[in-house]
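Trainee: Dropping a structure here in structure tokens format, bear with me for questions.
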Amino acid sequence: MAQTVRPAGSRSASRSTARVRPATGSLFATDGRPHPLQDVLMAVTGVLGVLAFVTAMFHHLHLISSWAGLIGILTGAYGQFVSRTTWERFGLIMGLGASAVGFYLGMAHGGLFGGVVT
């Protein structure tokens, strides 16, 4: 079984390994490398999730909430597929949840084309 948190001195590692991966055991630890695609997907999913969630509270903004939620779900799903670290997955899940709530409430209030296409 994998251990998520270890005391800092419990791991015997060489100095080169200690520089690459510190023994902190943080939940949001990264691998020390930049991931620009994953960071952009996380930010876009978060923004779309907040937009979908907030606009879902108003019945007349169902077009915005349903489309923002749908696009947020799709970008979040792809982001989960290519994510590398726990921090990215955490942010993507938060954005996915907000997008899904906004999408479903937008669909309940009129849907993707409600009132526009008859």
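Trainee: Scan 101, 117, 50 and give me the residue that is surrounded by fewer than 23 Cβ atoms within 10 Å (Cβ to Cβ) and at pLDDT below 95.
Mentor: 117
Trainee: When you scan segment 31-47, how many residues do you find that are surrounded by fewer than 17 Cβ atoms within 10 Å (Cβ to Cβ) and either outside any helix (DSSP H, G or I) or small (Gly, Ala, Ser) (or both)?
Mentor: 5
Trainee: Follow-up question, since we're still on this one. With the requirement that a residue be at pLDDT 95 or above and out of contact with any helix residue (DSSP H, G or I) (no Cβ under 6 Å at 6 or more places or on another chain), what does segment 58-81 give you?
Mentor: 67, 74, 77, 78, 81
Trainee: Quick one: residue 55 ticks every box in (1) more than 10 Å from the chain's Cα centre (by Cα); (2) polar (S, T, N, Q); (3) open to solvent by 50 Å² or more (accessible area, probe 1.4 Å) except a single one, so which number is it?
Mentor: All conditions pass for residue 55, except number (3).
Trainee: Among the residues of segment 72-85, which ones are part of a helix (DSSP H, G or I) and touching a residue at least 24 places away in the same chain (Cβ under 8 Å)?
Mentor: Once the filter is applied, which keeps residues that are part of a helix (DSSP H, G or I) and touching a residue at least 24 places away in the same chain (Cβ under 8 Å), segment 72-85 yields 72, 73, 75, 76, 78, 79, 82.
Trainee: Right, next: List pairs: first residue in segment 99-111 and of a type outside the set (Asp, Glu), second residue open to solvent by 60 Å² or more (accessible area, probe 1.4 Å) anywhere in the structure, Cβ distance under 6 angstrom, at least six positions apart or on different chains.
Mentor: Pairs found: 101/53; 102/53; 109/59.
The values are calculated or read from the model by the stated rules, or taken from the named source; none is laboratory data. The model shown is predicted, which means the values in this text are computed figures rather than measured ones. Glycine also receives a Cβ, built like all others from the backbone with ideal geometry; neighbour counts cover every protein chain displayed. Each accessible area value is taken on the protein alone, full model and side chains, heavy atoms only, with ligands, DNA and RNA left out. Shrake-Rupley method; radii C 1.70, N 1.55, O 1.52, S 1.80 Å.
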